[in-house]
Every structure is written in structure tokens, then in C-alpha cells.
Amino acid sequence: MTIDSTIRPEQASRDMQPMQHDARVMDTEFTQQSMSQPRQLQSQAVICPHCGTVNDPESLFCASCGRPLRMGVCPSCGSEIDPEADFCEICHHYIKPNVCSFCGARIGESDVFCHECGSPRGGIVCPVCNTLNDFAFCKQCGTPLTDDAKALVADLKKLPDYQLLTEAARELEELNMQLPYNSERDVVRDQMNSQLRERVLMLLAQDKGVPNPVIPKKESKRLSKEELAKKREEKERLLSEILDRMAVPALPSPIKARNYAMAQKPAGVRLTWVCNWKHAMHSSPCGCAKPQLGGKWVILGPNMKNVIKDDNK
């Protein structure tokens, strides 16, 4: 008996149909999986809350702006905060239990005092205004509270710009305390007071046996409203230029940046701290969560108090 081993075309076609069907099914499944993977990755991607850039799921910082993608939680009030912040701007509490708020040294969470600077964890009461402070400078009056803070101020006093800053601040304070001439009557009254002074000094000198005493004239520093306003404007412009030159750059430690900025602040002038993080106005860098990004002091105008971020909380 002869076996016909020849494969006829119609039979080969029937035998290939199941194989072609299976190949089409596998190809369809592969295509669907390939299309679903981008959708899955896209659904898992992290969108930057600051600039809107789409980042990989495992990213911690935005590939575009470099800011953190996931927010932290304040241990004191539960508010959402930046994970790199050491201070909560909502409840105004220092939130790093393992870092000394006065010098930036590492401390144990159960330590009562810092082993580096000796400052207490619970804060220091300012001897001038009795304000309780978490930082090395009083947030209310600017008094240095630690030995390191006092040494920092002493070092800054040696800088030419700091000397110009304190001198300009003193002169501006004097101008702000001056009373201008409001009318011609004020000018006449001032002249009469000057004459009365010379007359009294003359009589006192004659009583002491001085026959022809020479009384030095005292020049009046009072100015008209326009003259006084112009002098104030010039002094404020000079002060602003110095403050711009002394702007605090980005520093690795928020504690160091905060202390350096507070040591710069001159007395006698109403200033506000403008941070580089949110470009917000704070009463001082003690109220800023990320002073390590830098910032500068700005003269506070008469109607600018309500824009200070700290005072709105």
C-alpha cells in the first residue's frame, strides 16, 4: 500500500489558519499592553505643584524647577509644609527636633540642652522685651541672645557696608523724629526761642563775672515739610542701596542664614524681610520657613504693615 505524503495547497492553507489566528491574537495583546504601559506610567506620574511639570513616579524633586514634589506635615498643627522647611509658617513653631534652632548643631530628640552651644530646647526669653524665642536673635526687638549671635554682630561691625548701614539708619531715625515747620509762625517762634536762649546764657555768664561773653549760636535743624521729605527720601534711597548690597545669599543651613540676616538688621528703622522662597514679606527671617534660599531687608513704608505675611496669620 502506497502512502501519499504530498501536501496539497488546500490542506496547507487549512493547517496554517489556526497558527495565523494565534499570531494575530498575540500581536493584538502585545499592542494593547504596549499602549497601556504609557497610560499606566502617566497615571502614576507626579505632577509638580509649583510649575506643572510631569515627573517620573519615583522622583522626589521636579526635573524642571528642582522643588520638592511631595509635601510634609507639621508635627505641631498638621498643616501641609515644604519637606525642607524647619519652621511652620501656619502655627509659628520650629519643627526640627534633631537640629538645634540656635546654632544648627545635631542634637538628640530627648536632649534638653544643645551640646554645642548650650541653648535650651524650650527657647530663650529676651532680657530686653521678655519675648520667648526659638532662635539666636529676638524676633521682636532683634537682641542677640547667645554668645555666637553676639560674636556674629561684633564681626559684622567691622565691615564697611555695615558701618555705613548703621550710620544711615541713625540719620534716618533722627529725620523721622524731626518736626517740620508747618507755618511761618513756627519759624518766628523758633527764632524767638533762639534769642531767648542767647539772652539767658548771656546773663548767666555776666553773673559769673564775664564782662563780654561770646555766646555761640545754635543752628536750628528744623526744615519745611518739603525739605524734610526730600532729605528722608535721599536717606532711604542710600539705606536701600546698602541693604541691596548686603542681601543674604543662598546658604546650606537655614539656622546660619537666619542668624546672619538678623545680625545685619540695623536699629531704629522699620524694616521687613523679603525672602527668596516665596518673595513674601516677613517681620523677620524668624518667620520664614526656608531662609536658606536667601533674601534681604527692605524699608517698610507707612502703609505696608498689612502685607507682612507673619502678621496675617
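The values are calculated or read from the model by the stated rules, or taken from the named source; none is laboratory data. Computed from a prediction, not measured in an experiment: that's the story for all the values here. Note that we place each Cβ from the backbone using ideal geometry, even for glycine, and neighbour counts take in every protein chain shown. These area figures cover heavy atoms from the full protein model, side chains too; ligands, DNA and RNA do not enter into them. Shrake-Rupley method; radii C 1.70, N 1.55, O 1.52, S 1.80 Å.
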Original post:
Are any residues in region 162-195 open to solvent by less than 70 Å² (accessible area, probe 1.4 Å), hydrophobic (A, V, I, L, M, F, W, C) and modelled with pLDDT of 85 or more, and if so, which ones?
Top reply: LEU165, ALA168, ALA169, LEU172, LEU175
Original post:
From the residues in region 76-126 that are in contact (Cβ under 8 Å) with a residue 60 or more places away in the chain and out of contact with any strand residue (DSSP E or B) (no Cβ under 9 Å at 6 or more places or on another chain), which one is most open to solvent (accessible area, probe 1.4 Å)?
Top reply: HIS92
Original post:
Across region 196-228, which residue is surrounded by the most Cβ atoms within 10 Å (Cβ to Cβ) among those that are assigned to a helix (DSSP H, G or I) and in contact with a Pro (Cβ under 8 Å, 6 or more places away or on another chain)?
Top reply: LEU228
Original post:
Counting just the residues of region 260-277 that are farther than 13 Å from LYS139 by Cβ and in contact with a Cys (Cβ under 8 Å, 6 or more places away or on another chain), which one comes out surrounded by the fewest Cβ atoms within 10 Å (Cβ to Cβ)?
Top reply: TRP277
Original post:
Within the set of pairs 6+ apart or on separate chains, which have a first residue in region 232-253 that is on the phi < 0 side of the Ramachandran plot and hydroxyl-bearing (Ser, Thr, Tyr), a second that is part of a loop (DSSP other than H, G, I, E, B) and surrounded by 15 or more Cβ atoms within 10 Å (Cβ to Cβ), and C-beta atoms under 8 Å apart?
Top reply: SER253/GLY104
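Against the condition within 26 Å of LYS150 (Cα to Cα), hydrophobic (A, V, I, L, M, F, W, C) and either modelled with pLDDT under 95 or loosely packed, with under 15 Cβ neighbours inside 10 Å (or both), how does ALA257 come out, does it pass?
no
Quick check on this structure: which one of LEU238, LEU159 is within 35 Å of the chain's Cα centre (by Cα) and within 30 Å of CYS100 (Cα to Cα)? Before the answer, list the steps.
Values: LEU238 fails: within 30 Å of CYS100 (Cα to Cα).
Going through LEU238, LEU159 in turn, the sole match is LEU159.
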Original post:
Going through region 46-63 one residue at a time, which ones are surrounded by fewer than 15 Cβ atoms within 10 Å (Cβ to Cβ) and assigned to a loop (DSSP other than H, G, I, E, B)?
Top reply: PRO49, HIS50, CYS51, GLY52, ASP56, PRO57, GLU58, LEU60, ALA63
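Only one of ALA257, ALA289 is assigned to a helix (DSSP H, G or I), in contact with a helix residue (DSSP H, G or I) (Cβ under 9 Å, 6 or more places away or on another chain) and within 28 Å of ASP86 (Cβ to Cβ). Can you tell me which? Talk me through it step by step, then tell me what you get.
Values: ALA289 fails: assigned to a helix (DSSP H, G or I).
Result: ALA257 is the single residue among ALA257, ALA289 that is assigned to a helix (DSSP H, G or I), in contact with a helix residue (DSSP H, G or I) (Cβ under 9 Å, 6 or more places away or on another chain) and within 28 Å of ASP86 (Cβ to Cβ).
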**OP:** Of all residues in region 64-75, count the ones that are open to solvent by less than 70 Å² (accessible area, probe 1.4 Å), at negative phi and part of a loop (DSSP other than H, G, I, E, B).
**Re:** 3
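Out of contact with any Cys (no Cβ under 7 Å at 6 or more places or on another chain) and without any contact (Cβ under 8 Å) to a residue 60 or more places away in the chain, is that true of ALA154?
Values: out of contact with any Cys (no Cβ under 7 Å at 6 or more places or on another chain): yes; without any contact (Cβ under 8 Å) to a residue 60 or more places away in the chain: yes.
Considered against the rule, which asks whether it is out of contact with any Cys (no Cβ under 7 Å at 6 or more places or on another chain) and without any contact (Cβ under 8 Å) to a residue 60 or more places away in the chain, ALA154 comes out as yes.
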